[in-house]
Amino acid sequence: MHIKFIPLDFDSFDRGEKAFVRIWGRTLEGKRCCVIDSCDSYFWLIPKEHANIEKYAEKVRKVRLEHAGRTARVIKAEIHKKNFRDREITAIKVYVENPKDIIIIKDIVKSFPETEDKKEQDINYVTRYLIEKDIKPLMWHDVSGGETKHSDLDVDVEIWAEKISLSKEQPEFKPKILAFDIETSELEIGKGQILMISVADDKTKKVLTWKHFKNPPEEVEFVKNEAELIIKFKEAIRNYRPDFIVGYFSDAFDLPYLRMRAEKHDIKLDLGLDWSNINFIRGMIPSSKITGIVHLDLYKFVNNIIAYILKSETISLNDVAKELIGEEKLKVDLNKITKELKESKGQLEEAELRKFCLYNLQDSVLTSKLFDKLWPNIAEMTKIVGEPLYNASRSAYSQLVENYIIHNLKEFNEIIENRPISDEIGNRREGRYSGAFVFQPQPGLYEKLVVFDFRSLYPSIITSFNISPTTLQKEKTNAFETPEVELAGKKKVYYFNKKKSFIPELLDRLLNQRKKLKDELKKKYSPELDARSYALKTLANATYGYYAFFGARYYSIEAAASITAFGRYYIKKVMDEAEKKGFKVIYGDTDSLVMMLNNISEKEALNWLEKKNDELPGTMELELENFFKRGIFVTKRTGETGAKKKYALLADDGSMKIRGFETVRRDWCNLSRNLQDEVLRMILKDGKHEKALSHVQKIIKELIAKKVPIEKLIIRTQLKKAINEYENIGPHVVVAQRMQELGLPVKAGSMIEFVIAKGEKKSLVREKAKLPEEVKEGQYDLDYYLDHQIIPAVENIFLVFGISKEQLIQKQKNLMDF
DNA sequence: GCGGGCTTGTTACC
DNA sequence: ACCGGTAACAAGCCCGC
């Protein structure tokens, strides 16, 4: 039998002594399939320099051990010429019957006197299989083999593969999904009950609940009780036959909660296509896996991959959906509902229940739409790194970079480096090195500016100077020499071999693919290509950080420190040359320079840019960011020097670029943020301060007159750790404590909202920090908002025009005195 | 008990 | 624990007076 199918999920199982991989997917005809295949299980031994390799291999072949009811033994040991960390070596490939045996065998052979090291013993079987057989997740494959008839798997087709290969044609694949969301009577897992469960995709909309009420909306279906609710939910998934089930924060909430309640009712969560239970993977970051149906937790992907390009100040479903799909959650007072459920022994008013159901449904609808939006990103990233979707969608950048590397080492004949052991991780974490250069700006208002920046600075340095843990060498010959590197408090120079190594080479490919894609995208836009371009760019950018990440297989603090040293060298060099040309350098951070054109024309500036690019080595390239009409740089709060990482620029097209100011900081109240934003805009548009000054004075007047609504005075600060772990009890910690007393949900990661209320004059800020609902209109601490919010947000801006703090509040003081 | 230096904590920039 | 260093700044803590 022959089919064309797309691999969506993977797992492995044992039959007899041998391990097999199951690939779960869809055929071209839309049938659900399971392809069973296997590959060799092996790891590598690197012998000591003077070991007799033949004798060594012979010794290894004889290793066997009875363990846990089976015999772990070496079935084959071959001598191979390989590369390891770019050096040619002779290594022994040690085959075992079952991947489980690796852990037993490796410990025995590790103690042999001939053994220098063991490698690839930490590659899991599915990853091994994907590499060995060149299987690409989410890409169509042709497979032929024998069909199994008497299977109990919940699939339409089951094949034991004989031949499997990537298809030439790659038609579009649209997965069948089911988004879901649960509502519970308590937020803590282990307490309370599940009240309702909703499911949705672009057609289906359904809410299951055992809370009955009159005239329910058509999407609502009533069940008897919580047990039936869980069973019906199971049935819904079984009948709908989705490829993925999709949640938001479902790894940490919905599924663990479901598990607790299912256990309570003695219901099996046997959702797997092999009828297995949901597998709850413990660990620092728990996750939940269903065999054959990929459980996607969009929160994880947003948090790891997308968050830093979002403008949203939180990654709650509401904020993320608002920004990405322009829709929001229904507004329901969850705290009130939870409270009422507790106090009235589970009785809610009908109107409230109806609303609660629709709220529940909307969450699933948003999750479904968010999936549609993010799917190109998830899919493209998965395809590039080569790991199964389940893993790739949960991985942080370090892991993705690493997977991209290890899935591409075969062609370099490279043995994969080990993951570091915990002692090693401890050592690595202490290492410190110098990073980027930041230019010390002179405070002031500047006109006619140009901003240049290096395109992908660190990736271009890595490829141009072949920087890798494996190219670092002692000798000067045939090597790139670094500028002065600052590492562990010492100044050094390092050398990197010029012979192209695998990581810089793979990085080069990412960058080149992206270049091509960008040209394609210019001709014709598509969300898939755009998503691929984003994945390529961000993976490339994460490579430098990967080198410095303590958990990396290819860790090298020397490499990381060398990259930043090159960065410092070139940005300073370009700044010097710009000054010589006649530009006035105003500011610069890492890879950018902000300059006054002086009397240089825009055209001449661009010519100069081109000339610089001819001189820059390798793939390093300086590009135009934009021309700006005006820009403002301010002093630090303490002292007269200019503040770094804090400026505002007005582009020729009228758009603003504001960085670092309180306007963009979420831990300042909206009154200050908005006021500062308006002040910056007025000043940069006019080039004068008068209008902005009177605007500030108007706001101060309103504040003094207690006319500012509490809502605008809310300060938001994230609780970064558990309440009792704080040494310094700041305002947000006190408010978090208060929330806990009131039974409101607070934990590490919660956003704490508070208002500084009227209180004793000399008291600590935290003593006046109250929940917004606890503060009546006008009952805010005027002095606090004046001295700690409004004035600090604008005083340094006006100082540029010689306006002092006293002048800002002059007239108002009198007002206060009366 | 007061003030200033230091530390802790959060958020931003690139 | 899930990429790095650089930087600004608020507020509490702590010690010397």
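Which residue out of A:Glu169, A:Glu158 is more than 29 Å from the chain's Cα centre (by Cα), over 16 Å from A:Ile416 (Cα atoms), touching a residue at least 24 places away in the same chain (Cβ under 8 Å) and surrounded by fewer than 16 Cβ atoms within 10 Å (Cβ to Cβ)? That would be A:Glu169, the only listed residue that is more than 29 Å from the chain's Cα centre (by Cα), over 16 Å from A:Ile416 (Cα atoms), touching a residue at least 24 places away in the same chain (Cβ under 8 Å) and surrounded by fewer than 16 Cβ atoms within 10 Å (Cβ to Cβ). Of the listed requirements (1) more than 16 Å from DNA strand B (Cβ to nearest atom); (2) within 22 Å of the chain's Cα centre (by Cα); (3) closer than 20 Å to A:Gly749 by Cβ; (4) crowded, with 17+ Cβ neighbours inside 10 Å, A:Tyr257 misses just one: (2). Would you mention how many residues in segment A:543-556 are in a helix (DSSP H, G or I) and buried (at least 20 other Cβ atoms within 10 Å of the Cβ)? Number satisfying all stated conditions: 5.
Yes/no matrix, rows are residues, columns are (1) of a type in the set (D, E, K, R); (2) over 16 Å from A:Tyr458 (Cα atoms); (3) modelled with pLDDT of 95 or more:
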residue	(1), (2), (3)
A:Tyr494	no, yes, yes
A:Asn497	no, yes, yes
A:Pro504	no, no, yes
A:Leu507	no, no, yes
A:Lys515	yes, yes, no
A:Lys518	yes, yes, no
A:Leu521	no, yes, no
A:Tyr525	no, yes, no
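Can you confirm whether segment A:285-294 contains a residue that is away from DNA strand C (no atom under 16 Å from the Cβ), closer than 26 Å to A:Trp375 by Cα and touching a Phe, Trp or Tyr at 6+ places or on another chain (Cβ under 6 Å)? Yes - at least one qualifying residue is present in segment A:285-294. When A:Gly743 is tested against (1) away from DNA strand C (no atom under 13 Å from the Cβ); (2) among the small types (Gly, Ala, Ser); (3) without any contact (Cβ under 8 Å) to a residue 40 or more places away in the chain, just one condition goes unmet, and that condition is (3).
Starting from residues that are closer than 16 Å to A:Met595 by Cβ and of a type outside the set (Gly, Ala, Ser), keep the ones in segment A:420-445 and report whichever is nearest to DNA strand B (Cβ to nearest atom). Only one residue tops the list, namely A:Val438. Only one entry in A:Ala565, A:Ala559 is within 11 Å of DNA strand C (Cβ to nearest atom) and of a type outside the set (Ser, Thr, Tyr), namely A:Ala565. Taking the listed residues A:Glu727, A:Glu662, A:Glu767, A:Glu690, the one that is surrounded by 15 or more Cβ atoms within 10 Å (Cβ to Cβ) and either within 30 Å of A:Tyr587 (Cα to Cα) or within 16 Å of DNA strand C (Cβ to nearest atom) (or both) is A:Glu662, with no other qualifying. Of all the numbered requirements in (1) without any contact (Cβ under 8 Å) to a residue 60 or more places away in the chain; (2) within 16 Å of DNA strand C (Cβ to nearest atom), A:Ile586 misses one, and that requirement is (1). Pairing residues of segment A:629-643 that are over 11 Å from A:Glu447 (Cβ atoms) with residues that are within 12 Å of DNA strand B (Cβ to nearest atom) and not aliphatic (A, V, I, L, M), at Cβ distances under 7 Å and at least 6 apart in sequence or on separate chains, gives A:Phe633/A:Pro441; A:Phe633/A:Tyr587; A:Phe633/A:Tyr647; A:Val634/A:Lys646; A:Gly642/A:Pro441; A:Gly642/A:Phe633.
Restricting attention to strands (runs of 3 or more DSSP E) lying wholly within segment A:1-90, give those where 1 or more residues are in contact with a Phe, Trp or Tyr (Cβ under 7 Å, 6 or more places away or on another chain) and in contact (Cβ under 8 Å) with a residue 60 or more places away in the chain. Correct list: A:2-15, A:18-27, A:32-37, A:41-47, A:70-84.
Here is a yes/no grid of residues against (1) surrounded by fewer than 18 Cβ atoms within 10 Å (Cβ to Cβ); (2) in a helix (DSSP H, G or I); (3) more than 16 Å from DNA strand B (Cβ to nearest atom):
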site: A:Pro504; (1), (2), (3): no, yes, yes
site: A:Arg568; (1), (2), (3): no, yes, no
site: A:Val574; (1), (2), (3): no, yes, no
site: A:Leu593; (1), (2), (3): no, no, no
site: A:Asn598; (1), (2), (3): yes, no, yes
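In summary, A:Pro469 fulfils each of the numbered conditions (1) assigned to a loop (DSSP other than H, G, I, E, B); (2) within 16 Å of DNA strand C (Cβ to nearest atom); (3) surrounded by fewer than 13 Cβ atoms within 10 Å (Cβ to Cβ) with the single exception of condition (3).
Considering segment A:418-445, and only residues there that are touching a Leu at 6+ places or on another chain (Cβ under 9 Å) and hydroxyl-bearing (Ser, Thr, Tyr), the residue that is nearest to A:Leu487 (Cα to Cα) turns out to be A:Tyr433.
Could you run through segment A:735-749 and say how many residues are touching a helix residue (DSSP H, G or I) at 6+ places or on another chain (Cβ under 7 Å) and either within 16 Å of A:Asp667 (Cα to Cα) or among the acidic types (Asp, Glu) (or both)? The qualifying residues number 1. Looking at segment A:706-728 only, could you name the residues that are within 11 Å of DNA strand B (Cβ to nearest atom), under 16 Å from A:Ser750 (Cβ atoms) and of a type outside the set (D, E, K, R)? Result: A:Ile715, A:Thr717, A:Gln718, A:Leu719, A:Ala722, A:Ile723, A:Asn724, A:Tyr726.
Residues checked against (1) more than 29 Å from A:Lys339 (Cβ to Cβ); (2) part of a helix (DSSP H, G or I):
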{"site": "A:Ile189", "(1), (2)": "no, no"}
{"site": "A:Phe233", "(1), (2)": "no, yes"}
{"site": "A:Ile237", "(1), (2)": "yes, yes"}
{"site": "A:Ser250", "(1), (2)": "no, no"}
{"site": "A:Asp270", "(1), (2)": "yes, no"}
{"site": "A:Leu273", "(1), (2)": "yes, no"}
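Tell me whether segment A:752-761 contains one or more residues that are at pLDDT 90 or above and surrounded by fewer than 18 Cβ atoms within 10 Å (Cβ to Cβ). Scanning segment A:752-761, I find at least one residue that is at pLDDT 90 or above and surrounded by fewer than 18 Cβ atoms within 10 Å (Cβ to Cβ), so the answer is yes.
Residues in segment A:444-466 include none that are in contact with a Ser or Thr (Cβ under 8 Å, 6 or more places away or on another chain), within 12 Å of DNA strand C (Cβ to nearest atom) and part of a loop (DSSP other than H, G, I, E, B).
The values are calculated or read from the model by the stated rules, or taken from the named source; none is laboratory data. All values derive from a computational prediction rather than experimental measurement. Cβ sites come from the backbone with ideal geometry, for glycine too, and all protein chains shown count toward neighbours.
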